[in-house]
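Asker: Before I ask anything, here is the structure I am working with.
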Amino acid sequence: MREEQVQNAVKFLSHPKVKGSPVMYRRSFLERKGLTKEEIDEAFRRVPDPPQNVSNAQPAGTNQDGQVKPLSSVQPQVATQILQPSAAAPAGVISTLTRSRFHWSHALLAVGFLALSGAGTAVLFKKSVVPRLKSWIRKVVFEEEEGSAKTTDSKPSLQQEAAAAAKTAAAAAADVARASQEMLLSKREEEKYFKELMNLIGMQVQEMKSMSNAIQKLEGNTHGRTPLTEQDHRVSAKSLRQPNANGNVDFDSYSARSSPPPATVEPSAAPHPKSYMEIMAMVQRGEKPPNIREINDLPPNPNQPLPNPHSAPRAKPWEVGQTQTSYSQVLQSHESTCGLNSNLQDNGFVNQLNGDSSVPWWQKKNVRITEIENEDELKRGSSGVLTNERPVQRSWVPPQPPPVAMPEAAAAIRQPKKTLSEKQVADDQLVADPSDAIDELQRITKISESGGVVDANGGSSGLSKRFSESGVDTNGMSSGLYTSEIQEEQEAY
Amino acid sequence: MPVFKTPFNGYAVKFSPFYEHRLAVATAQNFGILGNGRVHVLDLSPAGPISEFAAFDTADAVYDLSWSESHDSLLVAAVADGSVKLYDLSLPPPSNPVRSLHEHTREAHSADYNPVRRDSFITGSWDDTIKLWTIDRPTSVRTFKEHAYCVYSAAWNPSHADVFASASGDCTVRIWDVREPGSTMILPAHEFEILSCDWNKYDDCVIATASVDKSIKVWDVRSFRVPVAVLNGHSYAVRKVKFSPHRSSLIASCSYDMTVCLWDYMVEDALIGRYDHHTEFAVGVDMSVLVEGLLASTGWDELVYVWQHGTDPRAP
């Protein structure tokens, strides 16, 4: 410890101006001057007590380590504790400072002190004064309430409260009633408007209907019903059964039955006749259309014996084979013509037919079409059209041609070229080898069932075997019928 | 071409397989919504006009009918109250019907007589079932219940005696063999309800389906993933499809767009004829088995037209 330094430090510290400055500044000054901590402490010990206000904030035993405490943390503490002393302190500091030279740091200090004191005042005010004010206000209000409650007796107050409540309730009810009345009125008004709108629309519809009627008349259509006038009829009948498969599709339906019949696709609904919509609406309302009669359609004699057939069943065009078709048709047409002629004579109709048109109108083909078809056939190289002349050409065809040769030729002649191969194949399958075709169908069905490949039974033996097998089935069909049918079919081929 | 006006809305028309001048029409009052029905039996006369041979009233709408293939005077009618009525034309109307078979729990929508065995017929109904009947039995022989929704149409295979197909609102067509307990094939033919199906008379594995999606698809049941042909041209749902008995690839169809169209599905441009004589939904169409090219159609405009293919149905 250098005694000289210490003495210098003592002299420095004894200076009144220095005495007014904070301890930190003194310490830092001395440190800057190169004194050691011991020397500084010794100097401080020798100098009388440091000033009050600053060290008050410092706790007693923190002289050694209180150097780094920031000033700002000290000052709020000061501000909150005592208002007056802190207010006075800056003033005191300022007064002490004015004696010495006016340093910028002193000015800064002063400004800082002022600001801090102001902030402190504000905080204190906020924390203490405002709550006091609030509580005072509450007290006043409470006193008022108490006063109002105290001025009246307890019983009358209850009654009054009840009365007041009743009054308010009545007032509220009146309000509600008024509001609902207003709503009703507005609803009625809306209804009126709506009805007017509907009337207008109905008028427009009527106009459109009359217009379409006029158009139809112009077109010369004399048949009954009014045609459709409206574009989109969506009958959203709630009672209709919704489809299971396509739940999303909205169907237009035209039956009031509890299941929709054929419906139309969502985007383009088929426009239904107007009278249809009327009837639908009527039914949905529960009214029955007026023109329905009560009809008893039960059989008068449920055990009525069935008649014997007058004529034998006719072979179908596709069953008999191509060449047969024309011949059988000729036979049939002649039969029917003869039969018809006799009928006509029986019925007393004038027989308008002359030799040329011995065939009724429905058998005559339009000449134009026949020509076109002939042209087409020429182009295609085939002639598939049956005309009345054909029987004459083919009258030499025997009734039961051999199955293999003739149908192929007939197919080759009569069918279009591009389908010739297919037709040949099909004909072969169908006519020449019926069992294979049938077996193939059976095979297909078996495949779909079992998922495997089933060998087709070749030959007619397989066919008859299958039929005879199934003849034993308990499906109610008489096996006798089966065998007779089999024989018929086999004969046909 | 003659026209016949029915008092009720037409639903189906079928030519007789015995007499080429005879056809039957199924009609329903009030569009089939609610009301009576009537079966008309009409005769074509060579002079022109159509005359009515007989008419039978029913309590409910008649949706479809089918001529017997074994008896020339028998007629099967599918009635909307679920009953199937048998009419005998050789008896006077007061003695008719000779049978009323009531087993369907919902509307009977289609009837088809077996053209090969000629002893049985099937009826399709909105109760999701198809029933097999013979004319001599008072009860059904079998009931086929697999569809999930209304069966709109059932058709026998013209070549195989025990095979038939059914078209349903569950968007599938099922192929059945009466000797098998269940369906033998399921064709998910369309995305929408399938209203009608018919077999190719000349190719026993080809079937045509008509749907609400305005298209007709032709399928080969041997390779049923992809249709053989898709026929577009109708602008609304196609109600009925019928293969020609005379030409292997000719199809007639009628639709809610009020037209009857003729198609050849083997040809590139399939639509070969279009008749728009109806003024309301065209609901029934048939091609005569006995007379090639003879067409008949009926619709909700209460008219029955009979004409030759290539002629104008409305021409006098």
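Asker: Return the sequence-ordered ³J(HN,Hα) values of region B:198-212 in whole Hz as given by the Karplus equation 6.51 cos²θ - 1.76 cosθ + 1.60 applied to θ = phi - 60°, using x for Gly and Pro.
Answerer: Karplus values, whole Hz, x for Gly and Pro: 7, 8, 6, 6, 10, 9, 6, 10, 10, 9, 10, 10, 10, 9, 5.
Asker: Under 8 Å for C-alpha pairs, at least 6 residues apart: give me the relative contact order for chain B, rounded to a whole percent. The partial results should precede the final answer.
Answerer: Working: 997 pairs, mean separation 43.9, N = 316.
Across chain B, relative contact order equals 14 percent.
Asker: How well do other chains shield peptide A:290-298, expressed as the mean number of their Cβ atoms within 10 Å of each residue Cβ?
Answerer: Mean shielding by partner chains, rounded to a whole number: 6.
Asker: Now for a different question. For A:Ile201 and A:Glu287, what does the FRET efficiency come to when R0 = 22 Å and r is the distance between their Cβ atoms, rounded to the nearest 0.05?
Answerer: Details: r = 22 Å, r/R0 = 1.02.
Once the sixth-power term is evaluated, E becomes 0.45.
Asker: Another question, then. Using a Förster distance of 25 Å, how high is the FRET efficiency between B:Arg222 and B:Arg274, based on the Cβ-Cβ distance and rounded to 0.05?
Answerer: Taking R0 as 25 Å, the efficiency between B:Arg222 and B:Arg274 is 0.20.
Asker: Right, something else. Summarise the partner chain shielding of B:93-99 as one whole number: the mean count of Cβ atoms from other chains within 10 Å of each residue's Cβ.
Answerer: For this peptide, the per-residue mean of nearby foreign Cβ atoms is 5.
Asker: Applying the Karplus parametrisation 6.51 cos²θ - 1.76 cosθ + 1.60 with θ = phi - 60° to the phi angles of region B:3-17, what ³J(HN,Hα) value in whole Hz is obtained for each residue in order, glycine and proline being reported as x?
Answerer: 10, 10, 9, 9, x, 10, 6, x, 10, 7, 9, 9, 7, 6, x
Asker: Could I ask something else about it? Treating the Cα atoms of region A:3-46 as identical point scatterers in vacuum, please give the log10 of the normalised Debye intensity I(q)/I(0) at q = 0.15, 0.24, 0.27, 0.32 Å⁻¹, two decimals.
Answerer: Values returned for q = 0.15, 0.24, 0.27, 0.32 Å⁻¹ are -0.28, -0.74, -0.94, -1.30.
Asker: Same structure, new question: For chain B, just run the numbers: alpha carbon Rg, then divide by 2.2 N^0.38 Å, N being how many residues it has.
Answerer: Cα Rg divided by the expected 2.2 N^0.38 Å: 0.90.
Asker: In addition: Rank B:Leu91, B:Val291, B:Thr143 by how far each Cα sits towards the positive end of the charge dipole of region B:3-308 (+1 on Lys, Arg Cβ; -1 on Asp, Glu Cβ) and give me just the farthest.
Answerer: After comparing all options, I get B:Thr143.
Asker: Quick one: which residues, 5 or more positions from B:Gln308 or on another chain, have an amide H under 5 Å from its amide H? H modelled 1.01 Å from N in the peptide plane, none for Pro or chain starts.
Answerer: HN-HN under 5 Å from B:Gln308: B:Leu295.
Asker: Please compute the average number of Cβ atoms from other chains found within 10 Å of each residue's Cβ in peptide A:25-33.
Answerer: The per-residue average across the peptide is 0.
Asker: While we're here: Based on Cα coordinates alone, diagonalise the gyration tensor for region A:105-202, multiply each eigenvalue by 5, take square roots, and list the semi-axes in whole Å, largest first. Provide the component values of the computation, followed by the final result.
Answerer: On the way: eigenvalues 780, 239, 4 Å².
Output for region A:105-202: semi-axes of 62, 35, 5 Å.
Asker: For the residue pair B:Ser90 and A:Ala115, what label-to-label distance in nm results when each label sits 7 Å from Cα along the Cα-to-beta-carbon direction?
Answerer: 12.7
Asker: Cut-off 14 Å, label point 7 angstrom out along Cα-to-Cβ of A:Arg2: give me the residues of region A:26-45 whose amide nitrogen falls inside.
Answerer: It comes to A:30-40, nothing else.
Asker: For region B:214-316, what number results from the quotient of the Cα radius of gyration and 2.2 N^0.38 Å?
Answerer: Values: Rg = 13.4 Å, N = 103, 2.2 N^0.38 = 12.8 Å.
For region B:214-316, the normalised Cα radius of gyration comes out at 1.05.
Asker: Set the Förster radius R0 to 51 Å, insert the Cβ-Cβ distance between A:Ala177 and A:Ala122 as r into 1/(1 + (r/R0)^6), and round the FRET efficiency to 0.05.
Answerer: After rounding to 0.05, the efficiency reads 0.35.
Rule-based calculations on the coordinates, nothing more; no lab input. The structure presented is a predicted model; accordingly, all values stated were derived computationally and were not measured. Every residue, glycine among them, receives a Cβ derived from its backbone with ideal geometry; neighbour counts consider all protein chains shown.
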